[in-house]
Amino acid sequence: MVDISRRDLFKITGLTGGGLLASSLGFDLKPVYAASRGLKISNAKEFKTVCPYCAVGCGTIAYVHGSGGLNTVNAVVHVEGDPDSPINGGTLCPKGASQMALAMNPRLEKGPKYRAANATEWQDVDWDFALDWLARKFKDARDETFVERDEQGRTVNRCEGIGWVGSATVNNEDAYFITKTMRSMGLMYIDHQARI
Ligand code: SF4
């Protein structure tokens, strides 16, 4: 039992909130915090993902509520470091710990946008338009810059006019797939941000 005088008790209640008071009185609040977090994520779906912010590529678990059915909205209710990740072992830096704000931001763009040459405004386009445009540009640039033989006549079959840069969330498997695909097109300049 903690030995505390009446005067001390008034001082503590005047200066602190209930949580600190409870700890001052010798109660262990860890189970309470754990239980409140448990309630928050109970029945939520778990998605393993990667922090989108920097090249460290910390593993993350996003907890999502919502059935996805008619008139329901899926919402990320909690994000925490993935304890199974060899990169971060369950930890996140302050920026990574706030990544839920990015996912739930109402200003987050959820579809492709297109700005024609010399235009000043972006316009919303659908994915069919965006992928057709990308495929056309890729093919044209490859045709224009593909080199079959170098100056000494050796076969090189390389595309010198396109580079590929992946995002911070490119993991090992994505990187393998991207590298194989782009190399098969003859690309040499291939990289991505995360080192995971
Ligand atoms: S949690 Fe921090 S260190 Fe880890 S990837 Fe995100 S921004 Fe980088």
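The values are calculated or read from the model by the stated rules, or taken from the named source; none is laboratory data. Quick caveat, the model's predicted, so the values are computed rather than measured. Every residue, glycine as well, gets a Cβ built from its backbone with ideal geometry; the counts of neighbours run over all protein chains shown.
For the range 107-124, the criterion of being exposed (fewer than 13 other Cβ atoms within 10 Å of the Cβ) and part of a helix (DSSP H, G or I) is met by no residue.
Residues that are within 19 Å of Y53 (Cα to Cα) and touching a Cys at 6+ places or on another chain (Cβ under 7 Å) number at least 1 in none of the strands (runs of 3 or more DSSP E) confined to the range 135-196. Note on the range 99-118: among residues that are modelled with pLDDT under 95 and among the polar types (S, T, N, Q), the one that is nearest to the ligand (Cβ to nearest atom) is Q99. Take the conditions under 30 Å from I87 (Cβ atoms), β-branched (V, I, T) and not assigned by TED's automatic domain parsing to the domain that holds T49 and apply them to T145. Does it pass? Judged against the criteria, T145 is not a match.
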